[in-house]
1. How many residues, within the stretch B:87-125, are under 25 Å from the mean Cα position of the chain (by Cα), more than 10 Å from chain A (Cβ to nearest Cβ), part of a loop (DSSP other than H, G, I, E, B) and crowded, with 17+ Cβ neighbours inside 10 Å?
2. For the stretch B:395-417, how many residues meet the condition of being of a type in the set (S, T, N, Q) and surrounded by fewer than 19 Cβ atoms within 10 Å (Cβ to Cβ)?
3. Go through the stretch A:218-247 and give me each residue that's assigned to a helix (DSSP H, G or I), within 14 Å of chain B (Cβ to nearest Cβ) and under 17 Å from the mean Cα position of the chain (by Cα).
4. Examine the stretch B:486-495 for a residue that is more than 20 Å from B:E382 (Cβ to Cβ) and modelled with pLDDT of 95 or more, and state whether such a residue exists.
5. Inspect the stretch B:200-207 for any residue being at positive phi, under 20 Å from the mean Cα position of the chain (by Cα) and not assigned by TED's automatic domain parsing to the domain that holds B:I373 and give the result as yes or no.
6. Identify, from the list A:A128, A:A172, A:A152, A:A156, the residue that is hydrophobic (A, V, I, L, M, F, W, C), open to solvent by less than 10 Å² (accessible area, probe 1.4 Å), out of contact with any strand residue (DSSP E or B) (no Cβ under 7 Å at 6 or more places or on another chain) and more than 9 Å from chain B (Cβ to nearest Cβ).
7. Can you name the condition, by its number, that B:G450 falls short on among (1) without any contact (Cβ under 8 Å) to a residue 60 or more places away in the chain; (2) under 27 Å from B:A393 (Cβ atoms)?
8. Quick one: A:S210 ticks every box in (1) more than 11 Å from the chain's Cα centre (by Cα); (2) within 13 Å of another protein chain (Cβ to nearest Cβ); (3) small (G, A, S) bar one, so which box is it?
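The values are calculated or read from the model by the stated rules, or taken from the named source; none is laboratory data. If you're wondering where the values come from, they're calculated on a predicted model, not measured in any experiment. Here Cβ is always computed from backbone atoms with ideal geometry, including for glycine, and neighbour counts include all displayed protein chains. When the accessible area is computed, the model is the full protein with side chains, heavy atoms only, and any ligands, DNA or RNA have been set aside. Shrake-Rupley method; radii C 1.70, N 1.55, O 1.52, S 1.80 Å.
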Amino acid sequence: MAAAPTAAATVASTAVLAPRPAPTSAFLRRTQATSHRHPILKCRRAGTLTPAAAAGGSSPSSAVFHGEVFVVGDNIDTDQIIPAEHLTLVPSKPDEYRKLGSFAFAGLPTAAYPTPFVDPGEESTRYAVIVGGANFGCGSSREHAPVALGAAGARAVVAESYARIFFRNSVATGEVYPLELHDAGAWKECKTGDVVTVDLGNSVLINHTSGKEYKLKPIGDAGPVIEAGGIFAYARKTGMIASKAAA
Amino acid sequence: MSSSVSAAAKASAAFAHKKELAAAAPAPTQHRAGSGRRSKPCRVRAVASPARAPRAPASTGSVKTAMTMTEKILARASERAGLEPGENVWVDVDVLMTHDVCGPGTIGIFKKEFGEDAKVWDREKVVIIPDHYIFTNDERANRNVDILRDFCMEQNIKYFYDIKDLSNFKANPDYKGVCHVALAQEGHCRPGEVLLGTDSHTCNAGAFGQFATGIGNTDAGFVLGTGKALLKVPPTIRFVLDGEMPPYLLAKDLILQIIGEISVSGATYKSMEFVGSTIESLNMEERMTLCNMVVEAGGKNGVVPADETTFKYLEGKTSVDYEPVYSDAQARFFSDYRFDVSKLEPVVAKPHSPDNRALARECKDVKIDRVYIGSCTGGKTEDFLAAAKVFLASGKKVKVPTFLVPATQKVWMDLYSLPVPGSGGKTCSQIFEEAGCDTPASPSCGACLGGPRDTYARMNEPMVCVSTTNRNFPGRMGHKEGQIYLASPYTAAASALTGYVTDPRDFLM
């Protein structure tokens, strides 16, 4: 699907914003950057995009994530996201939760992915956003997978499609936003380290380094659940269940 | 989704069999004989309650909504007369299963959200099965089994299959082994019910004509507290498998064929229903092999209509009343696939994806380092009987290390006690010993998913393995550069005898 650059793409690259300053680690935590407005951009996939036009979805989610991107391919299974040998770590224990983060993407084959997602000796990643291909998170139902990504500091995965259980676990835990791309091929055009913005309100992924934009499918009702921090937090926030059991 | 379109295009190019993809085009004449046959006396044992009316309300009357089996099960569990795919419904869960890998996290969420003193919704509907990381010195793995035990004691959980003496599994009469096989053997899989588990291969239980799927810790924590789950009703893809099963094929060949056909995302968010004369001829263990791997095609669940084979298997295993349901003749299916099984050949899934299908004979030049027979999908009694049949037919010795990991304690017992047909009374274990295989190991998930470094038969080197397990992702059995060829027990045994990926017809014909 990755066509050669077209004239439109060239236009897009000239219209792009200047990359933001290198993100600090504070960026990678659960901060929401300030509302990020961008000029009218020519996007060869999605056509002319304005903030107003792209905000047409009913999603009330308006979070914006900005930072460097980590790029993976199709069919990234949960064994690659968190190898089974680390499943002895229990996500509900805070110290083991953090440790899971340090092993995020430890199962990616080194030859294909020479850059680690989390640097050796670190617990957090420098990459706020993950871009992937089709069927992201296939395989095991291990909730450790979205937990590891979230614990490492990633805020959003942007992929062409998801395996069902990974998507559901991401929403249930509120660990990462599992965002779907409108079209295929973004992962082939993005490179690890590119600076990107994910704008939920406008349902768009902007790659500032390449100057390209990619339309996202609205996250819909799952957005507020993730924003609240998962299904239990959302249910309490909205009064579906009693506010908090004495714990 | 564009991805599934391209995957389907790729698959159909490689597919030589008759297939029809017309959506919503049921072929009533092809519908399996058992459907709608509610007049057939069900061999259901009603122990505590009087016999029910033979028909559920949703299955009678002229105005009912035609539904697939999966839709019907979810309709009943949500007390709805009819359901459409895509609807989100709260269902009552009949059984929740968890194990040592996801149980501690599930318990952690349950306690955090419902309180330290909270009680599970029903102590008889929670089944807890240590099975993943058992025979290891990994302290955290051992601790996780302790967490399960403490919780089960505290909550008085009725079904906890504990192990305390790791040095000898036989000293633990309660210990079973791999959860999905244990669930079946202990009578927790019943037609018409909803079974959720914190393991993606929970879909295995669809072999019993029930809705069974995998969930995460957080959802499971919610179920523990409430007994309910919010589920989206999946559309159903129907797979019609007809024709006599050739003697060199096993259910693993069928499901690898299907996954190769529809790709690893071909059934994402969907139910896969298996019908046809071939399916009716399969025993329960083979039906489990089929349903076990629907998740490898992205499937939410798989189902096989319950029939006499199912009822017979369940005899003496459960005293719980159950009621099977069947797809209506007019039910709408997302799509239909048809296979003439008599024309299929033994297949493998090449590294590193379960849909990377090839004929076993096409891979005859692939040199292998080891063979692994085990797991929920490939370590049942029938799987070992199949492997033994090949060793017996050849009379030769294996050329590569061959590891055998029975799924459960019962399977292990079978290997040492059941005579292999045509062997003059030899057991599997005797045949394996004569063939030079490793001694059958302690029952557990073993090296199917790698696990702690000291796990038996874990691939700690970048080797090539033919395995009867269900996944061949990079690093799945341990080493990231390891190469796994998924295959039937026939093909695995034949490959062990030659040291190359081998079509079992070389020994069975």
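1. Residues flagged as under 25 Å from the mean Cα position of the chain (by Cα), more than 10 Å from chain A (Cβ to nearest Cβ), part of a loop (DSSP other than H, G, I, E, B) and crowded, with 17+ Cβ neighbours inside 10 Å within the stretch B:87-125 amount to 3.
2. First, pick out the residues of the stretch B:395-417 that are of a type in the set (S, T, N, Q): B:402, B:408-409, B:417.
Add one more test, that the residue is surrounded by fewer than 19 Cβ atoms within 10 Å (Cβ to Cβ), and what stays is B:417.
Residues that pass the stated criteria total 1.
3. Listed by number, the residues that qualify are A:A222, A:V225, A:I226, A:A228.
4. no
5. no
6. Values: A:A128 fails: out of contact with any strand residue (DSSP E or B) (no Cβ under 7 Å at 6 or more places or on another chain); A:A172 fails: more than 9 Å from chain B (Cβ to nearest Cβ); A:A156 fails: out of contact with any strand residue (DSSP E or B) (no Cβ under 7 Å at 6 or more places or on another chain).
The conditions single out A:A152.
7. (2)
8. In the conditions (1) more than 11 Å from the chain's Cα centre (by Cα); (2) within 13 Å of another protein chain (Cβ to nearest Cβ); (3) small (G, A, S), A:S210 misses (2) alone.
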